[in-house]
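The values are calculated or read from the model by the stated rules, or taken from the named source; none is laboratory data. Because the structure is predicted, anything quoted here is derived from the model rather than measured. Here the Cβ is made from the backbone with ideal geometry for all residues, glycine too, and neighbour counts use every protein chain on show. Just so you know, the surface numbers come from the protein's heavy atoms only, side chains and all, with ligands and any DNA or RNA stripped out. Shrake-Rupley method; radii C 1.70, N 1.55, O 1.52, S 1.80 Å.
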Amino acid sequence: MNILGIETSCDETAVAWIELVDQQMMVRDSLVSSQIRLHERFGGVVPEIATREHLKNLPLLTKNIFKKNNLSAKTLDAIAVTSGPGLPTALLVGVSFAKALGVALRKPVYGINHLEGHLYSPFISMAPSEGLEMAIDPLSFPAVALLVSGGHTLLIHLRNWGDYHKLGGTVDDAAGEAFDKVARMMGLPYPGGPEIERWARGGDENAIEFPQSFPERDNFNFSFSGLKTSVRYFLEKNPSYRSEEKLKKNLCASFQKAVIDVLVRKSIRALQYTGSQNLILAGGVACNRVLRDQMKLQLQRNSLKLHLAESQFCTDNAAMIASIAGEKILQGIPPSLVGDFDPNFKISSLSS
Ligand code: KG4
Ligand code: ZN
């Protein structure tokens, strides 16, 4: 089975070709055209610019993946495209393009939930070179996923692929958004997550005690706006933390710790609550080394298992979109044929 994936929900235009080999999804090629540099000076994604870039780049990337890999309509079985959630006009570009391609190549086009794609990201890998075995542990259900990106912070209970129950989420800013906003206050470029992580290296994470959100026992929600406001007040009172290198490092490390501690603590609690042994950590913030290491350490201490995506598949890509479509077909849960796009597509709406 060969599937072409298309992703245009936010500021990355992506196409990928995946093949199902020995019951495992292999990424044959994954192309991503990032628009970060174009949005950087605005401190966030500008939907009009994102849409124009998708319009320009999606046909180019698609042509490129076909040519590079000698792909033909004969090789392909299906097309999978992100149909939501995301920026409306950005989604419209991907869905319209995929539908047209499906008609031209006479292939079915599946509409995929972007968040469901992220959940599948730890289970994909670039096809290994000859002679090498690809070994990815499959997921045992029930499981919990912590999805942390620029637009979402969600804890999800998975009973199977396609069967999701939301345990909690952010009531204000997403974790990635908090990184981006605090970076901006510090005068650091967009996207702020990688910048804060870089500055936090070598900083004292216990230098400043920032408040942690919703520490109550049975609550799976997150809130990062209080933390963001404390950083703002702290910087107003202590402007040298913006300019002096050592202080800047301490502030970034302390802020990062405040976010990570709460993410780790609530993930473990969600695993215990649902009786799950397996945690999926996915989304752009999952690129963060300290989060990855902390989560691994704390889960090991509790004899729980972590499924982590390679960094290139944590951020938006089309390989995860094509692969979850493939996994569902394999499990006999055919994904829905694409209809319209849905900017507010809820992942829990996929459960029957
Ligand atoms: O999943 P993603 O590529 O796009 C969305 O669907 O939102 O996530 C992007 C977010 C940005 O907010 C970015 O600052 C954050 O992920 N991010 C990080 C790191 N790398 C990316 N946050 C913390 N540490 C990182 N290393
Ligand atoms: Zn995403």
Count of residues meeting criterion [more than 20 Å from PHE97 (Cα to Cα), charged (D, E, K, R) and under 15 Å from the mean Cα position of the chain (by Cα)] in region 302-345: 1
Close pairs (7 angstrom Cβ cut-off, 6 or more residues apart or separate chains): without any contact (Cβ under 8 Å) to a residue 60 or more places away in the chain in region 160-185, within 16 Å of ligand 2 (Cβ to nearest atom) and in a loop (DSSP other than H, G, I, E, B) anywhere: ALA174/SER149; ALA174/GLY150; ALA174/GLY151; ALA174/HIS152; GLU177/GLY150; LYS181/ASP173
For VAL45: the one exception among (1) touching a His at 6+ places or on another chain (Cβ under 6 Å); (2) aliphatic (A, V, I, L, M); (3) open to solvent by less than 20 Å² (accessible area, probe 1.4 Å): (3)
Scope region 146-188; condition open to solvent by 50 Å² or more (accessible area, probe 1.4 Å) and either within 8 Å of ligand 1 (Cβ to nearest atom) or hydroxyl-bearing (Ser, Thr, Tyr) (or both); matching residues: GLY151, HIS152, GLU177
Residue selected from region 254-296 under the condition basic (Lys, Arg) and under 20 Å from ILE136 (Cβ atoms), by the criterion nearest to the chain's Cα centre (by Cα): ARG292
Enumeration of residues in region 230-244 that are at pLDDT 95 or above and part of a helix (DSSP H, G or I): SER230, VAL231, ARG232, TYR233, PHE234, LEU235, GLU236, LYS237, SER240, TYR241
Count - residues of region 316-333 that are in contact (Cβ under 8 Å) with a residue 60 or more places away in the chain, surrounded by fewer than 24 Cβ atoms within 10 Å (Cβ to Cβ) and either in a loop (DSSP other than H, G, I, E, B) or on the phi > 0 side of the Ramachandran plot (or both): 2
Residue list for region 3-31, filter: open to solvent by 20 Å² or more (accessible area, probe 1.4 Å), in a strand (DSSP E or B) and away from ligand 2 (no atom under 16 Å from the Cβ): TRP17, GLU19, LEU20, VAL21, GLN24, MET26, ARG28, LEU31
Scope region 164-221; condition over 18 Å from the mean Cα position of the chain (by Cα) and of a type in the set (Phe, Trp, Tyr); matching residues: TRP199, PHE210, PHE214, PHE220
